[in-house]
Amino acid sequence: MKIAIKPLAVFATALTTVLFSNALLAETSNSQVLNLYSARHYQTDEALYNNFTKSTGIAIKRIELGDEALLERLRNEGSNSQADVVLLVDAARLWKMQIEGLVQPVQSKTLNERIPAQFRSKDGEWYGFSTRARVIVYNKASINPADVQNYEDLASPALKGKVCTRSGSHPYMLSLVGSLVENLGPEGAEKWAKAMVANMARPPKGGDTDQIKGVASGECGVALTNSYYWVRLLRSEKAEDKAIVSKVGFIWPNQQKQGAHINIAGGGVAKYAPHKEAAIKFLEYLSSNEAQTYFADGNNEWPVVKNVKPNNAALTSLGNYKADAISAQTLARNTVTAQRILDRVGYN
């Protein structure tokens, strides 16, 4: 027997869920609580939160959603929001949060001293706490690594039908193209994007791990990925992951030019944070040596704080590299131009 579910009942259930979630965040109103909105979905971050609570006595109540879903939630909640800290992945999203007025500037001597200016907004609306590079991976059996040393090489006619990437609308790609806008100029970046479309082995799809798997299978000759996805496979004990790594080569791009494109994960204090003091304390904790080490050892990202050395053998096995020095804020601004370019050339 089929049971008909009335629309009103569905609405009531959804409303109850939202109200319960908000009530959960707001149930403790004193300064010993921190309401965290996080787009980071890494199990290894649990140690970060637990250690912060142990050292400060401040309990963390967390809501995890995708970056865009979190931003939409903040917009909808407005001045009623209980969010104290918002953590996002990618400079473009952090900048979007800033220009929409969803975060407030904060002044912290600790953060300004520990976080390099390249990885934070000018007035303290957000700070980067970890970095990742956009790198090139290639099929060892079909591609000569000498031919794919630079991002620009991926636009070569010799690679027609061999290039794979994720969607051009994804922030990872937008930020990379934003760096090319800065380094090659808008016309040069558009020429590159148009040639990339011509070289596609298949329409852009999937995540970065899918690109690496596509290279290993031979569907793609070469692809772009964020570095921590590659290191995750390097650290895996699964036989299928070891097989993928054995077939794929890794390249630091543009080492004789501007250096590899670097992006960040970071966060800021929400505009209507009810526990601002605790929020700033949490951001300062994320810049501590302890937390910076967790980013490297737990999720295969590089610390932004100088002189913090990872204990992650797979990460350090990638060696030293030259990084592009473009500021995260400039990258983020350039994503508007990047999206227009990608739309014009049909980079879906």
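Which of the residues that make up the stretch 232-274 are among the aromatic types (Phe, Trp, Tyr) and over 19 Å from the mean Cα position of the chain (by Cα)?
Of everything in the stretch 232-274, those that are among the aromatic types (Phe, Trp, Tyr) and over 19 Å from the mean Cα position of the chain (by Cα) turn out to be Phe250, Tyr272.
Considering the conditions (1) surrounded by 23 or more Cβ atoms within 10 Å (Cβ to Cβ); (2) in contact with a strand residue (DSSP E or B) (Cβ under 7 Å, 6 or more places away or on another chain), Lys271 is excluded by exactly one of them, (1). Residue selection: Asp343 fails the criterion of being modelled with pLDDT of 95 or more, of a type in the set (Asp, Glu) and surrounded by 15 or more Cβ atoms within 10 Å (Cβ to Cβ). Of the residues making up the stretch 259-289, just one is under 23 Å from Asn144 (Cβ atoms) and not in a strand (DSSP E or B), namely Gly259. For the stretch 290-312, a residue qualifies if it is out of contact with any Leu (no Cβ under 6 Å at 6 or more places or on another chain) and in a loop (DSSP other than H, G, I, E, B), and the qualifying residues are Glu301, Val304, Val305, Lys306, Asn307, Val308, Lys309, Pro310, Asn311, Asn312.
Residues that are within 14 Å of the chain's Cα centre (by Cα) and either hydrophobic (A, V, I, L, M, F, W, C) or not in a helix (DSSP H, G or I) (or both) within the stretch 71-96 comprise Val86, Leu87, Leu88, Val89, Asp90, Ala91, Ala92, Leu94, Trp95, listed in sequence order. Residues that are surrounded by fewer than 18 Cβ atoms within 10 Å (Cβ to Cβ) and within 20 Å of Trp230 (Cβ to Cβ) were ranked within the stretch 203-216; the one that is nearest to the chain's Cα centre (by Cα) is Gly207. Examine the stretch 307-315 for a residue that is touching a residue at least 60 places away in the same chain (Cβ under 8 Å) and farther than 30 Å from Lys205 by Cβ, and state whether such a residue exists. No, the stretch 307-315 has no match at all.
Scan the stretch 107-136 and report the pairs whose first residue is acidic (Asp, Glu) and whose second residue is not in a helix (DSSP H, G or I), with Cβ atoms within less than 6 Å and a gap of 6+ or a chain change. Once the first residue is acidic (Asp, Glu) and sits in the stretch 107-136, its partners that are not in a helix (DSSP H, G or I) give Asp123/Pro105; Glu125/Val103; Glu125/Pro105; Glu125/Gly268. Can you confirm whether the stretch 302-310 contains a residue that is buried (at least 24 other Cβ atoms within 10 Å of the Cβ) and either assigned by TED's automatic domain parsing to the domain that holds Glu152 or under 30 Å from Gln82 (Cα atoms) (or both)? Yes. Take the conditions assigned by TED's automatic domain parsing to the domain that holds Tyr229 and without any contact (Cβ under 8 Å) to a residue 24 or more places away in the chain and apply them to Ala141. Does it pass? Against the criterion (assigned by TED's automatic domain parsing to the domain that holds Tyr229 and without any contact (Cβ under 8 Å) to a residue 24 or more places away in the chain), Ala141 does not qualify.
The values are calculated or read from the model by the stated rules, or taken from the named source; none is laboratory data. Please read these numbers as outputs of a predicted model, since none were measured by experiment. FYI the Cβ positions are ideal-geometry reconstructions off the backbone, even for glycines, and counts take in every protein chain you see.
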